[in-house]
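What follows is a single structure, written as structure tokens, with notes after it.
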Amino acid sequence: MNLPPVSSHWRPAVSAAVRCVSCRKLRPGAWVWAACTWGLLSGSAWAALGGDAASVLADQQAMAASASTSYLAGTTLHTQTLPNGVTVRQYVDAAGHVFALGWEGPVPPDLQRLLGTHFAAYQEAMRQQRRGVQLHSATLVLESGGMMRAFFGRAYLPGQVPAALDAQSIR
């Protein structure tokens, strides 16, 4: 194999875009492109808590999960089993909104993806509590805990739980 001689002055070729970012000077159009790309990739397509049910299938595919669907007290329950053994349950109301979710498994699931805009409340509760999370407010109930190889939790939006479903049955 013929390799070029190594020189102390050798520098890899860097594209103009990388040089521009490394200098912290983006071209005017680059900010718009970066913002649009971030918006598309930031999780808006995931079936996050409070999100649209049409993306539950996208969640299943992105997490390479096996899935089943059942019906419970006027809601649709999507159960997904991830390759790492985690089970995620997403509860969808008749209007097509994810109003609750639950999980259990040997590791916690991607809670940033699943909690969506409510992830910041989860992080804040984690900072304030030493073990597990118990967050009960008028807009969000979030409980999680566990120990090595046995994590569990649930989150729901109290104002969106259908009257026919008891909040205690969300697991």
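Only the coordinates and a few stated rules stand behind these numbers; no lab work does. Predicted model, so just to flag it, every value in this text is computed and none were measured. Glycine also receives a Cβ, built like all others from the backbone with ideal geometry; neighbour counts cover every protein chain displayed.
Between ALA54 and VAL107, what length in nm is gained on full extension when 0.36 nm per residue of separation is reduced by their alpha carbon distance? Could you put the intermediate results ahead of the total?
Working: separation 53, 0.36 × 53 = 19.08 nm, distance 2.61 nm.
Result for the pair: 16.5 nm of gain on full extension.
In terms of modelled amide H atoms, which long-range or inter-chain residues lie less than 5 Å from the amide H of PHE151?
GLY105, VAL107
I'd like the Karplus ³J(HN,Hα) series for segment 98-103: coefficients 6.51, -1.76, 1.60, θ = phi - 60°, whole numbers in Hz, and an x wherever there's a Gly or Pro.
With the stated coefficients, segment 98-103 comes to 7, 9, 7, 8, x, 8 Hz.
In whole Hz and in residue order, list the ³J(HN,Hα) couplings for segment 49-62 that follow from phi through the Karplus curve 6.51 cos²θ - 1.76 cosθ + 1.60, θ = phi - 60°; x for Gly and Pro.
Listing the rounded values in order: 3, x, x, 8, 6, 4, 9, 4, 5, 5, 4, 4, 5, 5 Hz.
Could you compute the net charge surrounding ALA150? Neighbours are other residues with a C-beta less than 14 Å from the C-beta of ALA150; K and R count +1, D and E count -1.
Summing Lys and Arg as +1 and Asp and Glu as -1 gives +1.
Order 143-153, 51-61 from most to least packed using the mean count of other Cβ atoms within 10 Å. Mind showing how you got there, number by number?
Working: 143-153: 14.4, 51-61: 16.5.
For the peptides 143-153, 51-61, the packing ranking is 51-61, 143-153.
At a Förster distance of 22 Å, what's the computed FRET efficiency of MET126 paired with THR79, Cβ-Cβ distance as r, to 0.05?
Working: r = 26 Å, r/R0 = 1.17.
Taking R0 as 22 Å, the efficiency between MET126 and THR79 is 0.30.
Grab the other residues whose beta carbon is less than 13 angstrom from that of GLU104, score K and R as +1, D and E as -1, and report the net.
Working: positive: ARG89, ARG149, ARG154, ARG171; negative: GLU143.
Summing Lys/Arg as +1 and Asp/Glu as -1 gives +3.
Taking 0.36 nm per residue of separation and subtracting the Cα-Cα distance, what length does fully extending HIS97 through HIS136 add? Each step should come with its number before you reach the end.
Numbers: separation 39, 0.36 × 39 = 14.04 nm, distance 2.06 nm.
Answer, rounded to one decimal: 12.0 nm.
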